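The values are calculated or read from the model by the stated rules, or taken from the named source; none is laboratory data. Source: prediction; values computed, not measured. Note that each Cβ is placed from the backbone with ideal geometry, even for glycine, and that neighbours are counted across all protein chains shown. Just the protein is used for accessible areas: all its heavy atoms, side chains included, with ligands, DNA and RNA removed. Shrake-Rupley method; radii C 1.70, N 1.55, O 1.52, S 1.80 Å.
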Amino acid sequence: MLTSLNEMLTGMLGPLGPLAAVGFLGLLLVAATLPTMLKKRADPYAKLRGASVAVTTPGNGKQAKKTLRQGKGSDKLDKFANFLEPKTEEEMSTSRLKMTRAGYRGRDAVRKFHAIQFMLGIGFLICGVIYAIVASASGEVSTTTLLLAVLIPGGIGYYLPKYWIERRITARQGEIQNGFPDALDMLLVCVEAGQSLDQGIIRVHKELKNGYPALSEEFEIVSQEVKAGKEKATVLRAFSERSGVPDVASFVTVMIQSQTFGTSIAEALRVYAAEMRDKRVMRAEELANKLPTKMTLGTMMFTVPPLLMILVGPSVYDMLQLFKNFQP
């Protein structure tokens, strides 16, 4: 059936008939879907955000309007909120947590991520269509090749932001994991010097700003939330959830238990800091032990063949020369 349909489209519209039919079908689907996606319910806070009060300016007696709420700063994307944001609260929370772990803490980070993902997907898809048109004009190309040339760039453009976010999360978690033992040592020194845990966190944040900026930023958020009046246990749990590092989660558990049972924070920090240093050494040794295994394939591919050529090559050449000489 597909073969007959392809032949019919080719006979009616020429060599680019199947591609034009697929493009037209895609436009119809987009046109049918967009009105539903862009339909936005009225925001009950819209009137409150747009409300204004009259303020009399001293001196001239004129009244100027002053808004009760600051603008959100993303008016261009507000109309596409239902299209660019997850529909359920669970998916929205998961997306926000992922963006936070990648270092993007803006209120509109999820919306901007999906907007970039959509634009890159459409842009790469258009590039694939242009390439397919040029390839069809220069020579005869099969329909399967044309479809792959159009769909593969679109898929790459769609998944490229996801790949970038995953790389960012991995890099930030690695930085936090590597710098956490040093942060605990500094925090232990601050606590033993007579400072409170909150003051020590502020000091550690300032000291780590150049070496480990991601960890410094997390400590800064912790200090600001404590200053704002949040409970310390809630702030530490949020720190563990934002980082996504098991070492930080264990540290948070130790600090909460120490605060709950009234034990010495300095003693708990001393024991846990020593454990974190040992774990960092063990991770370095693990990476060092993996190195010979990873180098085996490269050694066999790039070292053994040249070595065999150098050692065995002259002998093979001499044997061939002798064989030629002994021939009648």
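Has region 122-129 got at least one residue that is more than 30 Å from Asp247 (Cα to Cα), at pLDDT below 85 and hydrophobic (A, V, I, L, M, F, W, C)?
Yes; the residues of region 122-129 include at least one that is more than 30 Å from Asp247 (Cα to Cα), at pLDDT below 85 and hydrophobic (A, V, I, L, M, F, W, C).
Does Met309 meet the test of being in contact with a helix residue (DSSP H, G or I) (Cβ under 8 Å, 6 or more places away or on another chain) and part of a helix (DSSP H, G or I)?
Taking the combined requirement at face value, the residue does not satisfy it.
Could you say whether any residue in region 139-150 is among the polar types (S, T, N, Q), open to solvent by less than 70 Å² (accessible area, probe 1.4 Å) and either in contact (Cβ under 8 Å) with a residue 60 or more places away in the chain or under 28 Å from Leu97 (Cα atoms) (or both)?
Yes, some residue in region 139-150 is among the polar types (S, T, N, Q), open to solvent by less than 70 Å² (accessible area, probe 1.4 Å) and either in contact (Cβ under 8 Å) with a residue 60 or more places away in the chain or under 28 Å from Leu97 (Cα atoms) (or both).
Consider Glu225 carefully, then state whether it is at pLDDT 90 or above, assigned to a helix (DSSP H, G or I) and buried (at least 17 other Cβ atoms within 10 Å of the Cβ).
On the way: at pLDDT 90 or above: yes; assigned to a helix (DSSP H, G or I): yes; buried (at least 17 other Cβ atoms within 10 Å of the Cβ): yes.
Answer is yes for this residue.
Consider Gln257 carefully, then state whether it is buried (at least 17 other Cβ atoms within 10 Å of the Cβ) and under 25 Å from Met282 (Cβ atoms).
no
Name the residue that is least open to solvent (accessible area, probe 1.4 Å), counting only residues in region 172-191 that are free of Cβ contacts under 8 Å to residues at least 24 places away in the same chain and among the aliphatic types (A, V, I, L, M).
Restricting attention to region 172-191, the residues satisfying the condition of being free of Cβ contacts under 8 Å to residues at least 24 places away in the same chain are 174, 186, 189-190.
With the extra rule that they be among the aliphatic types (A, V, I, L, M), the set shrinks to 186, 189.
Details: Met186: 66, Val189: 94 Å².
Only one residue tops the list, namely Met186.
For region 119-144, how many residues meet the condition of being over 15 Å from Trp164 (Cβ atoms), touching a helix residue (DSSP H, G or I) at 6+ places or on another chain (Cβ under 8 Å) and assigned to a helix (DSSP H, G or I)? Walk me through it before giving the result.
Just the residues of region 119-144 that are over 15 Å from Trp164 (Cβ atoms), to begin with: 122-123, 125-144.
Of the ones still in play, those that are also touching a helix residue (DSSP H, G or I) at 6+ places or on another chain (Cβ under 8 Å) are 122-123, 125, 127-129, 131-133, 135-136, 141, 143.
Next cut, assigned to a helix (DSSP H, G or I) only: 122-123, 125, 127-129, 131-133, 135-136, 143.
Here the count works out to 12.
If Ala193 satisfies every condition in (1) within 21 Å of the chain's Cα centre (by Cα); (2) within 24 Å of Ser264 (Cβ to Cβ); (3) among the small types (Gly, Ala, Ser) but one, which is the exception?
Result: Ala193 fails condition (1) only.
Among the residues of region 103-118, what is the count of those that are part of a loop (DSSP other than H, G, I, E, B) and surrounded by 15 or more Cβ atoms within 10 Å (Cβ to Cβ)? Full working, then the answer.
Step one: of region 103-118, the residues part of a loop (DSSP other than H, G, I, E, B) are 103-108.
Of the ones still in play, those that are also surrounded by 15 or more Cβ atoms within 10 Å (Cβ to Cβ) are 103-104, 108.
Looking only at that region, the number is 3.
Being under 23 Å from Leu215 (Cα atoms) and surrounded by 15 or more Cβ atoms within 10 Å (Cβ to Cβ) is the filter; apply it to region 151-171 and report the residue that is nearest to the chain's Cα centre (by Cα).
Within region 151-171, the match that is nearest to the chain's Cα centre (by Cα) is Ile165.
Quick one: in region 303-321, which of the residues that are open to solvent by less than 100 Å² (accessible area, probe 1.4 Å) and of a type in the set (A, V, I, L, M) is farthest from the chain's Cα centre (by Cα)? If you could, list the steps in order and put the result at the bottom.
Let us first name the residues in region 303-321 that are open to solvent by less than 100 Å² (accessible area, probe 1.4 Å), namely 303-308, 312-316, 318, 320-321.
Next, from what is left, pick out any that are of a type in the set (A, V, I, L, M): 304, 307-308, 312, 316, 320.
Details: Val304: 40, Leu307: 44, Leu308: 46, Val312: 51, Val316: 55, Leu320: 60 Å.
That would be Leu320.
So is Gly211 outside any helix (DSSP H, G or I), farther than 30 Å from Phe118 by Cα and open to solvent by less than 60 Å² (accessible area, probe 1.4 Å) or not?
yes
Quick one: how many residues across region 280-289 are over 17 Å from Leu187 (Cβ atoms) and open to solvent by less than 90 Å² (accessible area, probe 1.4 Å)?
Step one: of region 280-289, the residues over 17 Å from Leu187 (Cβ atoms) are 281-289.
Retained after the next criterion (residues that are open to solvent by less than 90 Å² (accessible area, probe 1.4 Å)): 281, 283-284, 288.
Matching residues across region 280-289 total 4.
Could you say which residue among Arg277, Arg270, Arg237 is within 30 Å of Lys206 (Cα to Cα), free of Cβ contacts under 8 Å to residues at least 40 places away in the same chain and surrounded by 11 or more Cβ atoms within 10 Å (Cβ to Cβ)? So that I can check it myself, show each step before the final result.
Values: Arg277 fails: free of Cβ contacts under 8 Å to residues at least 40 places away in the same chain; Arg270 fails: free of Cβ contacts under 8 Å to residues at least 40 places away in the same chain.
Just a single option satisfies the conditions, and that option is Arg237.
Pairs only if they're at least six apart or on different chains, beta carbon under 8 angstrom, first in region 105-118 and without any contact (Cβ under 8 Å) to a residue 24 or more places away in the chain, second among the hydroxyl-bearing types (Ser, Thr, Tyr) and not in a loop (DSSP other than H, G, I, E, B); list them, first residue then second.
Cβ pairs passing all conditions: Ala109/Thr100.
Just to be sure, is Thr263 loosely packed, with under 13 Cβ neighbours inside 10 Å and not in a helix (DSSP H, G or I)?
Details: loosely packed, with under 13 Cβ neighbours inside 10 Å: yes; not in a helix (DSSP H, G or I): yes.
It is true that Thr263 is loosely packed, with under 13 Cβ neighbours inside 10 Å and not in a helix (DSSP H, G or I).
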